[in-house]
Amino acid sequence: MNTQNSFLSILMIVSIILSCNSCHAQSSHNPPQNDFLQCLSLHLQNNTGISSVVYTPNDASYLSILLSSVRSLRFRSASTPRPQVIVTPFEESQIQTTILCARENGMQIRIRSGGHDYEGLSYTSQVPFVVLDLFNFSEVSIDVDQKTAWVGAGAIIGQLYYRISQTSKTLAFPAGACPTVGVGGLFSGGGYGPMLRKFGLAADNIIDARIIDVNGRILDRKSMGEDLFWAIRGGGGSSFGVITAWKLKLVTVPETLTIFSVGRTLEQNATQLVHKWQYIAPNLNEDILLSISIGPVNSSGVAGGKTIQANFNSVYLGGVDKLLPLLEQSFPELGVRREDCTEVSWMQSALFFGGYSIQVSPEVVTGRNPEIRSTLPITRYYFKAKLDYVQEPISIKGFEGMWKLLLEREANMGELLVVPYGGKMKEISESALPFPHRAGNLYKIQQLAYWEESGAVASERSISWSRKLHDYMTPYVSKSPRASYMNYRDLDLGVNNYNGGDGKTTTSYAQASVWGLKYFKNNFKRLVQIKTKVDPTNFFRNEQSIPSLYSKSSSKNN
């Protein structure tokens with residue numbers, strides 16, 4: 001980091017602290033958001049101007065800015081707690097100001113990149129809060145010769161993929177499927193996608209980052225140190241500061257990949273195929289991903305008018321002539337034919353897994369709210385998700401019990417998304433990053449309930465069903481702990497104290513371990529130690545943030 005810039009940042013921070021103390025002395029009777037806004041106005045007026053980056057409920061564009069990245073329909077209703085202020089910075093100095101003014105005036109910060117947090121924690125809170133929306137930090141800069149890229153934390157996956165594809169036919173990055181997911185949250189939680197068996201997680205391929213810490217310091221990998229750099233690649237960046245950019249190690253892929261999707265119903269032997277898949281998919285060549293989506297579909301030819309369909313979806317890093325013999329040798333029962341397969345570019349494979357036709361212009365995935373909508377159900381319906389890891393093959397009887405529960409749902413309103421591990425994932429130590437789910441896991445199985453009707457009754461009905469399915473899964477999944485994945489956040493697993501009606505602001509290690517060990521296993525202890533060092537007052541917190549061992553509130557209201 002440039003020494004002169006560091007000195008200017010320190011001067012600015014000192015200035016903010018001194019003037020905010022003065023503001024506090026003069027206006028201690030004001031609501032915290034008023035003091036916060038006054039602090040911002042003093043220090044943003046000589047920047048790009050407060051009016052261009054700060055929005056309150058009195059502003060005409062406040063609601064459109066807020067809802068533009070609320071990806072879960074469950075949190076779009078008027079009853080959802082909304083921020084007192086939204087800040088949409090263009091520059092890192094504006095983030096520094098926001099952090100320090102929020103600390104001084106008792107405002108929590110929620111950091112939003114793409115808005116896909118499963119429980120809405122990037123834009124909701126039960127206490128007075130500010131949304132720091134990073135959508136202006138979306139620049140993507142690629143160095144083809146070095147096979148690296150810098151990407152702003154507010155960029156979405158689609159923007160990153162498109163920029164890479166416009167630069168090279170053989171460079172790629174192993175991240176998620178849904179194109180509107182923000183890289184800030186995805187990468188800091190781990191980030192898996194269709195190439196995880198070949199290249200691992202997104203976080204496994206990050207080589208530098210920029211983060212602004214609780215004291216307003218701008219740090220890169222060298223200045224933050226290896227402990228913090230480890231923590232933010234899978235431990236959730238928003239527990240430790242505001243990540244503004246990531247440096248990525250790009251990967252090399254063939255010019256030609258092959259995709260296919262074949263569906264099989266119960267009447268077409270789906271149960272036996274899914275059962276056998278467990279023994280095959282985790283052990284296939286690492287160039288192949290063969291995942292499954294399973295759910296109820298309408299069928300006029302069966303009793304009750306519904307059946308279960310398993311869709312086997314695949315990408316192979318190579319041409320169809322090499323793929324078909326591999327499948328014929330390993331899984332002939334699936335019966336994949338040449339006409340089922342399509343040779344595509346890497347960008348087209350990203351369209352396929354992102355819920356788009358491979359015929360559409362790839363530029364469609366660069367929009368945060370694209371005109372052509374993805375067909376992925378999670379982008380279209382209300383939903384509740386849960387996740388488990390499977391370490392021993394499930395019996396046919398076990399699957400039949402799942403089918404029975406899925407058939408309680410309307411067609412297409414319940415789904416199991418099953419993704420095999422193995423390959424690169426089993427080669428990486430579970431302590432290499434905070435994300436621990438490596439060797440020993442055959443696959444992960446995400447359980448999703450979808451619904452179209454708004455309101456508390458419909459929501460509770462579907463959420464109750466998701467919990468019932470999750471309970472049923474208990475004998476078949478990992479134990480001690482029953483593991484989960486933080487990017488599929490589930491508040492049913494446990495929550496921290498957060499200035500709620502009980503007045504508690506701190507969370508014990510034991511309390512946080514209830515959910516923390518499920519996400520991070522033995523890595524949770526190290527995450528807490530790092531958090532305690534870099535944010536001892538636990539300023540960056542939410543219902544499932546990493547706690548500090550000895551946090552004391554640093555704000556005037558807590």
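For the range 288-305, enumerate the residues that are surrounded by fewer than 20 Cβ atoms within 10 Å (Cβ to Cβ) and either in contact with a helix residue (DSSP H, G or I) (Cβ under 8 Å, 6 or more places away or on another chain) or not small (Gly, Ala, Ser) (or both).
Val297, Asn298, Ser299, Gly301, Val302
Between a first residue in the range 376-393 that is within 16 Å of Val181 (Cα to Cα) and free of Cβ contacts under 8 Å to residues at least 12 places away in the same chain and a second residue that is open to solvent by 40 Å² or more (accessible area, probe 1.4 Å) and not hydrophobic (A, V, I, L, M, F, W, C), which pairs have beta carbons less than 6 Å apart while being 6 or more apart in sequence or on different chains?
none
Just a yes or no: is a residue in the range 63-81 within 27 Å of Glu543 (Cβ to Cβ), in a strand (DSSP E or B) and modelled with pLDDT of 95 or more? Even if it seems obvious, please write down each step before you answer.
Applying the first criterion (within 27 Å of Glu543 (Cβ to Cβ)) to the range 63-81 yields 63-81.
Adding the requirement that they be in a strand (DSSP E or B) leaves none.
Within the range 63-81, not a single residue is within 27 Å of Glu543 (Cβ to Cβ), in a strand (DSSP E or B) and modelled with pLDDT of 95 or more.
Going residue by residue through the range 492-507, is there one that turns out to be within 30 Å of Arg380 (Cα to Cα), open to solvent by 50 Å² or more (accessible area, probe 1.4 Å) and either in a helix (DSSP H, G or I) or polar (S, T, N, Q) (or both)?
Yes, the conditions are met somewhere in the range 492-507.
Given Gly120, Gly158, which one is open to solvent by less than 30 Å² (accessible area, probe 1.4 Å), within 25 Å of Phe353 (Cα to Cα) and not in a loop (DSSP other than H, G, I, E, B)?
Values: Gly120 fails: not in a loop (DSSP other than H, G, I, E, B).
Result of the check over Gly120, Gly158: Gly158.
So how many residues does the range 60-83 have that are open to solvent by less than 60 Å² (accessible area, probe 1.4 Å) and without any contact (Cβ under 8 Å) to a residue 12 or more places away in the chain?
2
So which residues in the range 84-96 are out of contact with any Pro (no Cβ under 6 Å at 6 or more places or on another chain) and farther than 23 Å from Asn215 by Cβ, if there are any at all? Show your work before the answer.
Going through the range 84-96, the residues out of contact with any Pro (no Cβ under 6 Å at 6 or more places or on another chain) turn out to be 85-94, 96.
Within the range 84-96, Ile86 is the sole residue that qualifies.
Does Val127 count as surrounded by fewer than 21 Cβ atoms within 10 Å (Cβ to Cβ), closer than 22 Å to Leu40 by Cα and not aromatic (Phe, Trp, Tyr)?
On the way: surrounded by fewer than 21 Cβ atoms within 10 Å (Cβ to Cβ): yes; closer than 22 Å to Leu40 by Cα: yes; not aromatic (Phe, Trp, Tyr): yes.
The answer is yes for Val127.
Taking the conditions exactly as written (open to solvent by 60 Å² or more (accessible area, probe 1.4 Å) and at pLDDT 95 or above), does Pro325 satisfy them or not?
On the way: open to solvent by 60 Å² or more (accessible area, probe 1.4 Å): yes; at pLDDT 95 or above: yes.
Against the criterion (open to solvent by 60 Å² or more (accessible area, probe 1.4 Å) and at pLDDT 95 or above), Pro325 qualifies.
Listed residues Thr379, Thr366, Thr375; which is within 24 Å of the chain's Cα centre (by Cα), polar (S, T, N, Q) and closer than 24 Å to Thr167 by Cα? Full working, then the answer.
On the way: Thr379 fails: closer than 24 Å to Thr167 by Cα; Thr375 fails: closer than 24 Å to Thr167 by Cα.
Residue meeting the stated conditions: Thr366.
Quick check on the range 198-214. Is at least one of its residues surrounded by fewer than 17 Cβ atoms within 10 Å (Cβ to Cβ) and assigned to a helix (DSSP H, G or I)? I'd like the intermediate steps shown before the answer.
Filtering the range 198-214 for residues surrounded by fewer than 17 Cβ atoms within 10 Å (Cβ to Cβ) gives 207-208.
This time we only want the ones that are assigned to a helix (DSSP H, G or I), so: none.
Looking through the range 198-214, none of the residues is surrounded by fewer than 17 Cβ atoms within 10 Å (Cβ to Cβ) and assigned to a helix (DSSP H, G or I).
Out of curiosity, is Glu104 at pLDDT 95 or above and of a type outside the set (Lys, Arg)? Please lay out each step first, then the result.
Details: at pLDDT 95 or above: no; of a type outside the set (Lys, Arg): yes.
In short, no.
Find the residue count for the range 390-402, including only residues that are surrounded by fewer than 20 Cβ atoms within 10 Å (Cβ to Cβ) and either in a helix (DSSP H, G or I) or within 27 Å of the chain's Cα centre (by Cα) (or both).
Filtering the range 390-402 for residues surrounded by fewer than 20 Cβ atoms within 10 Å (Cβ to Cβ) gives 391-393, 395-398, 400-401.
Still in the running and either in a helix (DSSP H, G or I) or within 27 Å of the chain's Cα centre (by Cα) (or both): 391-392, 396-398, 400-401.
Residues that pass the stated criteria total 7.
Which of the residues spanning the range 518-552 are surrounded by fewer than 21 Cβ atoms within 10 Å (Cβ to Cβ), in contact with a Leu (Cβ under 7 Å, 6 or more places away or on another chain) and in a loop (DSSP other than H, G, I, E, B)?
Glu543
Looking at the range 411-419, can you tell me whether even one residue there is closer than 22 Å to Arg233 by Cα, open to solvent by less than 60 Å² (accessible area, probe 1.4 Å) and either in a helix (DSSP H, G or I) or touching a strand residue (DSSP E or B) at 6+ places or on another chain (Cβ under 6 Å) (or both)?
Yes, there is a match, as at least one residue in the range 411-419 is closer than 22 Å to Arg233 by Cα, open to solvent by less than 60 Å² (accessible area, probe 1.4 Å) and either in a helix (DSSP H, G or I) or touching a strand residue (DSSP E or B) at 6+ places or on another chain (Cβ under 6 Å) (or both).
Residues in the range 429-446: is at least one farther than 27 Å from Lys525 by Cβ and either over 23 Å from the mean Cα position of the chain (by Cα) or not in a strand (DSSP E or B) (or both)?
no
Determine if the range 470-481 includes at least one residue that is in contact with a strand residue (DSSP E or B) (Cβ under 9 Å, 6 or more places away or on another chain) and assigned to a loop (DSSP other than H, G, I, E, B).
Yes.
Within the range 371-387, track down each residue that is within 27 Å of Gly152 (Cα to Cα) and open to solvent by less than 30 Å² (accessible area, probe 1.4 Å).
If the condition is that a residue be within 27 Å of Gly152 (Cα to Cα) and open to solvent by less than 30 Å² (accessible area, probe 1.4 Å), then Ser374 is the only one that fits.
In the range 137-155, how many residues are open to solvent by 50 Å² or more (accessible area, probe 1.4 Å) and either over 12 Å from Leu248 (Cα atoms) or aliphatic (A, V, I, L, M) (or both)?
Selection size over the range 137-155: 3.
The values are calculated or read from the model by the stated rules, or taken from the named source; none is laboratory data. For clarity, every value in this text was computed on a predicted model and none was experimentally measured. For neighbour counting, all protein chains shown are included, and Cβ atoms are generated from backbone atoms with ideal geometry for every residue, glycine included. Remember, those area values only see protein heavy atoms, side chains included, never the ligands or the DNA or RNA. Shrake-Rupley method; radii C 1.70, N 1.55, O 1.52, S 1.80 Å.
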